[in-house]
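Chemist: The structure that follows is given in the form of structure tokens.
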Amino acid sequence: MPIFKNKRPSSIRMTPITAEDAVMSNAGGDMSRDLNGLLGIKDYDMMPEVNGNKIYSNLVSEPSTPDSSDSGNVVMEDGTVKVKQKLGLLSGTALIVGTMIGSGIFISPKGVIAGTGSVALSLIVWVACGMISLFGALAYAELGTLITKSGAEYAYLLEAGKSLPKTVAPVPAFLFSWVSVFVLKPSLFAVISLSFGIYVIEPFYPNCEAPDGLVKIVSVLCICMVAAVNCHSVALATRVQNFFTVAKLLAVLVIVVGGFYMMAKGHTEHIREGFDDTSRNPSTIALAFYDGLWAYDGWNNLNYATEELKNPYVNLPRAIMLGIPLVTVCYLLTNLSYLAVMSKETLLASNAVAATWGESVLGSAAVLIPIFVALSTFGAANGSCFTGGRLVYAAAREGHLPEVFSYIHIRKATPLPSLLLTTLIAILMMIPGDIFSLIDFFSFAAWLFYGGTMASVIVLRYSRPNAPRPYRVPTIIPIVVFIISVYLVVAPIIQEPRIEFLYASLFILSGLIFYIPFVGFNVNLRFLEPITTFLQCVLEVAPSKYEPPE
């Protein structure tokens, strides 16, 4: 809608600036007012300049076309901005593979070995984690082709929640967005960036531990660089993701080839230990699954960007079926290569398993391993930022976060405000704590909602039985993943209660403090309106809307 009420402007309406308004702000002009008028002056002769350019008062009679250089990124419809579908099958598969193969396979093997106690059971856990991830992703493929909105679990829980009484229908989706926006997504982004910092700094401190402060400075720089790429354009973020996915596959290939070379020379004594010292504690085995599944995390990331995927009805299931089996094979072969060189004790003593492997096998060329791993973690951080921003965007569009976070840049077609929020929280979360406590906290909270999403598959089959489902997963699959989710949440709490689990539960429930007034009673904070208008002008963003794929 136009900013001005009448053809002759006399006041500013504290309502969202539309895409036409924002585009016209870049048309040029010589007005001399500044942005201060947006922050409290109700009556104003003309709209002030925005970033040095004029916003026309009569938008109907003025052209409203994006710059020709960026017209492929933005679609102007009814005064809103809508991103085009930029992800194809290759880019979608790269997003899955690139976010799954991050730092987990280079750090988490020690967690899996510690939890299982034996070589054979650790390998079984790695394969089982791959199967669980594939089953979960296939269930998400059904949901993603039924509900083609971005946001993954958030969108599916929101739709399934409509079967509940109206007053509590949005509660599951709101609590998921609450935990994910402020804990899950930024903690994953932070953990991956910390891994990047560790592997970049480690070569400079070969005989001692790198300073923690320096590692975190490099990690923050990683977060900022990734955010800049994602804020610039979807196309650039996609190209970066594709490049770093190839780089990490090369890293895995080097490790696999080197490990099998050592096995061919007869170094199989550690692998032959089999089930020796196998743990029989359900709690520690569940924690081993946590570490393994954290290495597989990312299997659902393409569902966060469904609206930007070309032909999602076909490409979403295909990308899942291509990407996850590839990652499972890579992980199994990589762990065999580790165990061809390192004993369980050596592996557990290492803070950077891949680097320790490189010193034993590659000699002076071992410097390549930290480089490859740094490239891998940077690519995973890029994918994490990409999807995390889409979740914030989807939740804000439904009114579960401030409206400005649902806005899109008028030329770049990126959800700029939501990406900036995700980046800020990730930096704040990265500063305290250590990497493994973050992994445990993330896994516990995440599997609560993975289980809820599996239940949504069954609920939607009853609540929307006649809705078209281009892909339909066998019913047993979401049931199996739901049971596994319950086990992964409950078993560690019963066997070994930890304070982190209590913190996670309290944090999830604390979301109701914000849900009741702002969603349940629809309380409107008027002071946000001028702030929203100001941020629109500064960031050059405009409202967006969802349109189903053709």
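Chemist: For region 375-393, how many residues are farther than 30 Å from Ala173 by Cβ and open to solvent by 10 Å² or more (accessible area, probe 1.4 Å)?
Modeler: Residues flagged as farther than 30 Å from Ala173 by Cβ and open to solvent by 10 Å² or more (accessible area, probe 1.4 Å) within region 375-393 amount to 2.
Chemist: Do we have Tyr487 as open to solvent by 80 Å² or more (accessible area, probe 1.4 Å), modelled with pLDDT of 80 or more and over 16 Å from Glu403 (Cα atoms) here?
Modeler: For Tyr487, the condition - open to solvent by 80 Å² or more (accessible area, probe 1.4 Å), modelled with pLDDT of 80 or more and over 16 Å from Glu403 (Cα atoms) - is met.
Chemist: Report yes if Arg239 is under 28 Å from the mean Cα position of the chain (by Cα) and open to solvent by 30 Å² or more (accessible area, probe 1.4 Å), otherwise no.
Modeler: yes
Chemist: Kindly evaluate Ala374 against the criterion of being free of Cβ contacts under 8 Å to residues at least 24 places away in the same chain and among the small types (Gly, Ala, Ser).
Modeler: When the stated conditions are applied, Ala374 does not pass them.
A quick yes/no check of all residues on (1) of a type in the set (A, V, I, L, M); (2) modelled with pLDDT of 90 or more; (3) out of contact with any helix residue (DSSP H, G or I) (no Cβ under 9 Å at 6 or more places or on another chain); (4) within 28 Å of Phe514 (Cα to Cα):
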position: Val171; (1), (2), (3), (4): yes, yes, no, yes
position: Leu188; (1), (2), (3), (4): yes, no, no, yes
position: Ser193; (1), (2), (3), (4): no, no, no, no
position: Tyr199; (1), (2), (3), (4): no, no, no, no
position: Pro211; (1), (2), (3), (4): no, no, no, no
position: Phe243; (1), (2), (3), (4): no, yes, no, no
position: Lys248; (1), (2), (3), (4): no, no, no, no
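Rundown of residues vs (1) without any contact (Cβ under 8 Å) to a residue 60 or more places away in the chain; (2) in contact with a Gly (Cβ under 6 Å, 6 or more places away or on another chain); (3) of a type in the set (Ser, Thr, Tyr); (4) surrounded by fewer than 16 Cβ atoms within 10 Å (Cβ to Cβ), yes/no style:
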position: Gln495; (1), (2), (3), (4): no, no, no, yes
position: Ile499; (1), (2), (3), (4): yes, no, no, yes
position: Ser505; (1), (2), (3), (4): yes, no, yes, yes
position: Tyr515; (1), (2), (3), (4): no, no, yes, no
position: Phe521; (1), (2), (3), (4): yes, no, no, yes
position: Asn524; (1), (2), (3), (4): yes, no, no, yes
position: Phe527; (1), (2), (3), (4): yes, no, no, yes
position: Thr532; (1), (2), (3), (4): no, no, yes, no
position: Ala542; (1), (2), (3), (4): no, no, no, no
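Chemist: Let me ask something additional. Would you pick out the residues in region 270-321 that are open to solvent by less than 40 Å² (accessible area, probe 1.4 Å), farther than 30 Å from Pro497 by Cα and hydroxyl-bearing (Ser, Thr, Tyr)?
Modeler: Tyr304, Thr306
Chemist: Considering each residue of region 196-234, count those that are open to solvent by 30 Å² or more (accessible area, probe 1.4 Å) and not polar (S, T, N, Q), and give that number.
Modeler: So the answer is 21.
The values are calculated or read from the model by the stated rules, or taken from the named source; none is laboratory data. If you're wondering where the values come from, they're calculated on a predicted model, not measured in any experiment. Reconstructed Cβ throughout: ideal geometry from the backbone, glycine too, with neighbour counts over all protein chains shown. These accessible areas exclude ligands, DNA and RNA; they are computed on the full protein's heavy atoms, side chains included. Shrake-Rupley method; radii C 1.70, N 1.55, O 1.52, S 1.80 Å.
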